[in-house]
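I have placed the structure first, in the form of structure tokens, so that the comments after it can refer back to it.
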Amino acid sequence: QVRLVESGGGLVQPGHSLRLSCAASGIIFRLFDMGWYRQAPGKQRELVATIAGGGSANYADSVKGRFTISRDNIEKTVTLQMNSLNPEDTAVYYCNARVAFGSANYWGQGTQVTVSS
């Protein structure tokens with residue numbers, strides 16, 4: 001079965017860093033675009049960053065310069081390095097796997113990131 005398991009969430013102080021990881025199984029990982037999305041209380045789920053199989057990345061304007069997405073096609077993992085965190089980054093972060101020109105679209109269960117003093 002397809003499984004996306006996030007890890008690394010937690011409580012951090014403003015200005016600090018956090019690193020999220022997502023381990024994928026049950027998919028041909030290299031064929032999937034991977035991404036991180038987040039949903040804050042009272043807000044819609046939004047795209048944070050995506051990365052294609054070859055490593056091309058895209059970021060939401062709100063995180064450009066602070067977050068970095070990467071992937072390891074051998075380990076079948078995708079990572080989100082989050083620096084200079086602020087309270088507005090507080091949200092549940094979800095790992096996503098999607099095939100272009102296909103219907104396959106999978107989500108992890110999410111991991112909570114809370115940025116607070």
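The values are calculated or read from the model by the stated rules, or taken from the named source; none is laboratory data. Everything numeric in this text was worked out from a predicted model, so none of it was measured. Don't worry about glycine lacking a Cβ; one is built from the backbone with ideal geometry, like all the others, and counts go over all protein chains shown. Only protein heavy atoms, including side chains, enter the accessible area calculation; ligands, DNA and RNA are left aside. Shrake-Rupley method; radii C 1.70, N 1.55, O 1.52, S 1.80 Å.
In debye to the nearest 20, how big a dipole does region 1-112 give about its Cα centre with +1 on each Lys and Arg Cβ and -1 on each Asp and Glu Cβ?
Charge dipole, region 1-112, about its Cα centre: 140 debye, nearest 20.
Could you pull out the longest piece of the chain with no exposed loop trypsin sites (Lys or Arg not before Pro) in it, calling a site exposed if DSSP puts it outside H, G, I, E, B and it has at most 14 other Cβ atoms within 10 Å?
65-117
What number, in nm² with one decimal, is the all-direction average of the projected area of the convex hull of the alpha-carbon atoms of the chain?
Averaging across all directions leaves 7.0 nm² for the Cα convex hull.
Kindly report the accessible area of the chain per residue (heavy atoms of protein chains, probe 1.4 Å, no ligands, DNA or RNA), in Å².
Accessible area per residue, the chain: 55 Å².
Take the solvent-accessible surface of the protein heavy atoms, probe 1.4 Å, and return the percent of it on the chain that carbon and sulfur atoms account for.
Answer for the chain: carbon and sulfur cover 47 percent of the accessible area.
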